[in-house]
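A.B. asks: The structure follows.
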Amino acid sequence: MARDHYEVLGVAKGANQEEVRRAYRELARKYHPDLNRDNADAKKKFQEVQVAFEVLNDPKKREQYDRFGPAFEQHGAGGPGGSPFGGGQSFDFDLNDLFGGVGRGQAGRGAPGGQGGFADLFKHFGGGDPRGRSAAGRAPQRGSDIQHAITVPFATAVLGGSASLALQREGTGTETLSVKIPAGVTDGKKIRLRGQGDPSPNNGASGDLLLTVHVAPHPFYRRTGNRLDVVAPITLAEAARGAKIDVPTPKGTITLTVPPGVSSGKKLRVRGHGVQTSDNPGDLFVELQILLPEALSPADANTLAEIADRYTGEPRKELRW
């Protein structure tokens, strides 16, 4: 005798749809064949869970099941009290009963294989289940996708790398996944991890994990497409006489030449040292910014002013609204 579907899923008869789905997900993971390859009992329980969920997750089937029990399908074919063949009274029966119970574990009495009787006879001739259902109760169904988000460091987004993701799964606790982050990934980019979603309800393919990537800001570097920008402070002496300065980049520290007499705002372009995509690596733009000493004495300030007075000009000549 088939077990009660509510008992199989471990839910009360008045359980709502979300409780039914939650119970199903937990049991499907517990008894999934991929996780219990050598456990025949787990496979049997997994199939029971599938069939129970198929009925209780469908409001119409569930209503019929609550009214008529396991024989609800025969009643549902022609309506309560009606025959599926267009008249008379309906009866609950098994096709094997029409042949005197042939094949119920009685090998050698005309039943192919001695296991399923008339029902197995259909399978031997390619007809499958005489009620038109697969052995698992329905065609394989793909598992649900899971939506999740992760924040990666600025450097990982520029250079590529890996990141760890803690995924909370119902019934199995926290699972840690290692995610490959491609170089040049942008904020809001979605990455699909195939087969990392919810398992199938009936031995089909698992769903996917849809991961939304967010990129943490950098304290000094800014990104525009594949281009990187950074401000490099220089001293007044370096600006006046020129200098060589070290600047960190995604490809390592490089030495830049500051031309003599440079002003703040001057940008030096370093090709290929921006975002490191394989097809089109970007450039790095280093903007020079002159920093005066914080504690400049009055005497030194006067000296700088006297020097500036010897070089007349109009620095804001081109400034417009």
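Please treat every number below as a calculation from the coordinates, not as lab data. Since we're looking at a predicted model, the values are computed, not measured. Here Cβ is always computed from backbone atoms with ideal geometry, including for glycine, and neighbour counts include all displayed protein chains.
A.B. asks: Sorted from largest down, give the three principal axis spans of the alpha carbons of region 221-298, whole angstrom values.
C.D. replies: Principal axes ranked by extent give 54, 19, 18 Å for the Cα atoms.
A.B. asks: Over the residues of region 191-321, compute the C-alpha Rg and express it relative to 2.2 N^0.38 Å.
C.D. replies: Working: Rg = 24.4 Å, N = 131, 2.2 N^0.38 = 14.0 Å.
Cα-based Rg divided by the globular estimate yields 1.74.
A.B. asks: How much length is gained on full extension from S297 to T277, taking 0.36 nm per residue of separation minus their Cα-Cα distance? Walk me through the numbers before you get to the answer.
C.D. replies: Working: separation 20, 0.36 × 20 = 7.20 nm, distance 4.88 nm.
Going from the current span to full extension adds 2.3 nm.
A.B. asks: Quick one: give the max-minus-min coordinate of the C-alpha atoms of region 5-68 along each principal axis, largest first, in Å.
C.D. replies: Principal-axis extents of the Cα atoms in region 5-68, largest first: 38, 21, 15 Å.
A.B. asks: For a protection proxy built on the mean count of beta-carbon atoms within 10 angstrom, sort 23-33, 237-247, 283-293 highest first, please.
C.D. replies: Numbers: 23-33: 18.7, 237-247: 14.0, 283-293: 15.8.
Highest-to-lowest ranking by the protection proxy: 23-33, 283-293, 237-247.
A.B. asks: Pull up the cross-link candidates among the lysines for K190, meaning alpha carbon to alpha carbon under 16 Å and not fewer than 8 places away within one chain.
C.D. replies: Correct list for K190: K180.
A.B. asks: Mind giving me the nanometre distance, one decimal, between the label points for R222 and K266, set 7 Å out from Cα along Cα→Cβ?
C.D. replies: 2.1 nm
A.B. asks: Would you mind getting me the FRET efficiency between A243 and L210? Use the beta-carbon distance for r and R0 = 51 Å, nearest 0.05.
C.D. replies: Working: r = 50 Å, r/R0 = 0.98.
E(calc), rounded to 0.05, equals 0.55.
A.B. asks: Here's a follow-up. Measuring from centroid to centroid over Cα atoms, what is the spacing of region 20-42 and region 269-311 in Å?
C.D. replies: Each part reduced to its Cα centre gives a spacing of 64 Å.
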